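The structure appears below as structure tokens.
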Amino acid sequence: MEAKKIDHIGIAVFDLEHAKRFYEESFGLAVEHEETLGEMKIAFVPVGRVNIELIQPTSKEGVIARFIAKRGEGIHHIAYEVDDVGATLERLKAQGVKLLDETPRAGAHGKQVAFLHPKSCFGVLTELVSKKDN
Ligand code: ZN
């Protein structure tokens, strides 16, 4: 697998406005991009070449709400940038890596993304993100 860099670290939060203020006021960082994606409100906070992806659930049934209910706020996933999410998924599947997404889907910024099962990634929910917007 040709991971290029860590694209972002996803952090599940109760209150996006509170979290944004914390990163802005405490770390001097600025929110670059916000969007609503399914049952999540997301804000991207760039730190050098990596982003912090703050994720607030907008429904009690979504995966982020269930994550917070179970474990509290905290690191939810790590996302690696790859050239081609689909080709990487095929290669990983052939290597026996457990996938949560068999095919790429649209993620934040309209980029192609896919998730790998934490059981295959040392307990870390792992996301693949394409380099370019699709
Ligand atoms: Zn992510």
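The values are calculated or read from the model by the stated rules, or taken from the named source; none is laboratory data. Here the structure is a predicted model, which is why all the values come from computation and not from measurement. No Cβ is skipped: glycine too gets one built from the backbone with ideal geometry, and neighbour counts run over all protein chains shown. All accessible areas refer to the heavy atoms of the entire protein, side chains included, with ligands and DNA or RNA removed. Shrake-Rupley method; radii C 1.70, N 1.55, O 1.52, S 1.80 Å.
Annotations
- Of residues in the range 5-24 being without any contact (Cβ under 8 Å) to a residue 60 or more places away in the chain and under 14 Å from His76 (Cβ atoms), the one farthest from the ligand (Cβ to nearest atom): Phe14
- Residues (in a loop (DSSP other than H, G, I, E, B) and either small (Gly, Ala, Ser) or in contact (Cβ under 8 Å) with a residue 60 or more places away in the chain (or both)) located in the range 97-119: Gly107
- When Glu81 is tested against (1) open to solvent by 30 Å² or more (accessible area, probe 1.4 Å); (2) within 16 Å of the chain's Cα centre (by Cα); (3) acidic (Asp, Glu), exactly one condition is not met: (1).
- Of all residues in the range 121-134, those that are more than 18 Å from Glu53 (Cα to Cα) and open to solvent by less than 40 Å² (accessible area, probe 1.4 Å) total 1.
- Matching residues in the range 25-43 - criterion: being of a type in the set (D, E, K, R) and either open to solvent by less than 80 Å² (accessible area, probe 1.4 Å) or within 13 Å of the ligand (Cβ to nearest atom) (or both): Glu35, Lys41
- Pairs meeting the criteria (first residue in the range 52-67 and closer than 19 Å to Asp7 by Cα, second residue in a helix (DSSP H, G or I) and among the β-branched types (Val, Ile, Thr), beta carbons under 6 Å, at least 6 apart or on different chains) are Ile55/Ile64.
- Scanning the range 30-58 for residues that are among the small types (Gly, Ala, Ser) and in contact with a strand residue (DSSP E or B) (Cβ under 9 Å, 6 or more places away or on another chain) yields Ala30, Ala43.
- The single condition among (1) open to solvent by less than 80 Å² (accessible area, probe 1.4 Å); (2) modelled with pLDDT of 95 or more that Ala108 does not satisfy is (2).
- Residues (touching a helix residue (DSSP H, G or I) at 6+ places or on another chain (Cβ under 9 Å), part of a strand (DSSP E or B) and away from the ligand (no atom under 12 Å from the Cβ)) located in the range 44-87: Val45, Val47, Gln56, Pro57, Gly74, Val82
- Picking from residues in the range 96-115 that are within 12 Å of the ligand (Cβ to nearest atom) and among the hydrophobic types (A, V, I, L, M, F, W, C), the one that is nearest to Glu81 (Cα to Cα) is Val113.
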